[in-house]
Amino acid sequence: MSAKEFCEFIFELRKAFTTRSAMAEKWPWHRNTMIGYERDRLPDVDYLYAISVETNYDFIELIKKRLSAGFLQLPEDVELPGVKMADSDNKEVIQKNTTQINDDSMAPTILKNAFISIDSTDKELKQGSIYAIVLNDQVIARRVQFGLDGDIILLAENSKFMNITVSKEKLPGLKVVGRIVSCLNSL
């Protein structure tokens with residue numbers, strides 16, 4: 001795939017889901033930058049992430065296509081080092097949701113207004129992982145820590161926010177959206 005073909009591919013993909021103006025309002029790229037990406041300038045990985053979020057197109061596939069169009073000219077079927085590719089025989093599909101975080105309780109890891117991707121199939125809390133949780137009808141992000149007596153402590157990384165302790169008796173009522181698998185912080 002040539003650079004021009006990739007840019008045309010990005011254009012058609014984006015156009016099927018959203019306008020440039022809508023993208024410019026939601027993401028930190030000027031409309032003219034997007035025109036260049038969709039005409040003849042290979043986009044950066046952050047823009048590919050935004051396209052993946054907006055279109056639900058597989059991010060790794062976008063990276064592979066971008067690499068095949070760039071200086072490396074990698075074949076599209078190449079396995080990327082350090083990236084586990086989906087097995088075609090694997091019928092399990094990871095469901096990812098994307099939302100925006102409205103506070104800075106997890107700063108500096110997740111900044112205010114960051115877009116997060118959530119694996120909604122992974123709701124079993126694990127020590128040290130960050131989860132999206134519904135609290136007072138709002139999605140919040142917190143790192144999980146297990147207490148000594150079976151309680152769960154939802155840690156905020158920003159010291160301006162209080163940690164939340166959920167007793168083991170109230171754990172069944174805790175609404176876990178899923179594990180946060182990636183985040184795109186605003187510039």
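For segment 37-51, how many residues meet the condition of being assigned to a helix (DSSP H, G or I) and surrounded by 12 or more Cβ atoms within 10 Å (Cβ to Cβ)?
Residues meeting the conditions: 9.
Can you pull out the residues in segment 22-60 that are within 18 Å of residue 98 (Cα to Cα) and among the charged types (D, E, K, R)?
From segment 22-60, those within 18 Å of residue 98 (Cα to Cα) are 22-28, 45-60; that's our starting set.
The answer is 25, 26, 46, 54, 58.
Taking the condition surrounded by 15 or more Cβ atoms within 10 Å (Cβ to Cβ), out of contact with any His (no Cβ under 8 Å at 6 or more places or on another chain) and either closer than 23 Å to residue 113 by Cα or of a type outside the set (Phe, Trp, Tyr) (or both), does residue 54 pass?
Judged against the criteria, residue 54 is a match.
Taking the options 106, 34, 85, name whichever one is at pLDDT 90 or above and part of a loop (DSSP other than H, G, I, E, B).
Of the residues listed, the single one that is at pLDDT 90 or above and part of a loop (DSSP other than H, G, I, E, B) is 106.
Which one of these does residue 128 not meet: (1) small (Gly, Ala, Ser); (2) outside any strand (DSSP E or B); (3) under 16 Å from residue 102 (Cβ atoms)?
(3)
Step by step: first the residues of segment 1-34, then only those that are closer than 13 Å to residue 66 by Cβ and among the aliphatic types (A, V, I, L, M), then the one that is surrounded by the most Cβ atoms within 10 Å (Cβ to Cβ). Which residue is that?
10
Out of all the residues in segment 109-142, which are surrounded by fewer than 18 Cβ atoms within 10 Å (Cβ to Cβ), more than 16 Å from the chain's Cα centre (by Cα) and farther than 23 Å from residue 25 by Cβ?
123, 124, 126, 127, 128, 134, 135, 136, 137
The values are calculated or read from the model by the stated rules, or taken from the named source; none is laboratory data. Computed from a predicted structure; not experimentally measured. Here the Cβ is made from the backbone with ideal geometry for all residues, glycine too, and neighbour counts use every protein chain on show.
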